[in-house]
1. Do you know which residues across segment 13-26 are more than 15 Å from Leu47 (Cα to Cα) and not basic (Lys, Arg)?
2. Mind checking which residues of segment 96-128 are outside any loop (DSSP other than H, G, I, E, B), modelled with pLDDT of 95 or more and open to solvent by 50 Å² or more (accessible area, probe 1.4 Å)?
Amino acid sequence: MSAVLDAAFHLVHDYPGGAVSLAPRMGKSGTTLSHECKATGTAKLGLVDAVKLSHLTGDLRILNAFASECGCLVLPMPAPDGAVDTFHALAEAAREFGKFVTSVADAAADGQVTANELARVDGELASMLAASQAIRATLAQIHEAGKPSALRAVG
């Protein structure tokens, strides 16, 4: 079973009440949903259902497993919070960049990279990218606020 199907199986079965409880919210029977997550016979969990499961449960295991199998990393997009502080966001990104550089230097110092060191680098990279996205979100918020109200995005 692939990591994506493993993630779907655990997402469904870790949900309170499991497949029996979650399936009706998907418009399916518990047996059908369970079979789709196990790839029993010809049953398959589709992409639309995977997205729906993720939204209904708030659990991103399927998304993260999919990204991992494709050699990618998932980062949540920051939601504009109304407080626009560009320089604070930039300072945070610089701090995260410093932590990322330190983790890379520490990992490579002895010419070998352990699984724990690589995981630490991945975590610092994710934090640095998230901080960079926060800058982008802040700038987008300033841009949107500068538009005439008739041209602003409907949110």
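The values are calculated or read from the model by the stated rules, or taken from the named source; none is laboratory data. Since this is a predicted model, take the numbers as computed values, not measurements. For accessibility, only protein heavy atoms count, side chains too; no ligands or nucleic acids. Shrake-Rupley method; radii C 1.70, N 1.55, O 1.52, S 1.80 Å.
1. Result: His13, Asp14, Tyr15, Pro16, Gly17, Gly18, Ala19, Val20, Ser21, Leu22, Ala23, Pro24.
2. Phe97, Lys99, Val101, Thr102, Val104, Ala105, Asp106, Ala108
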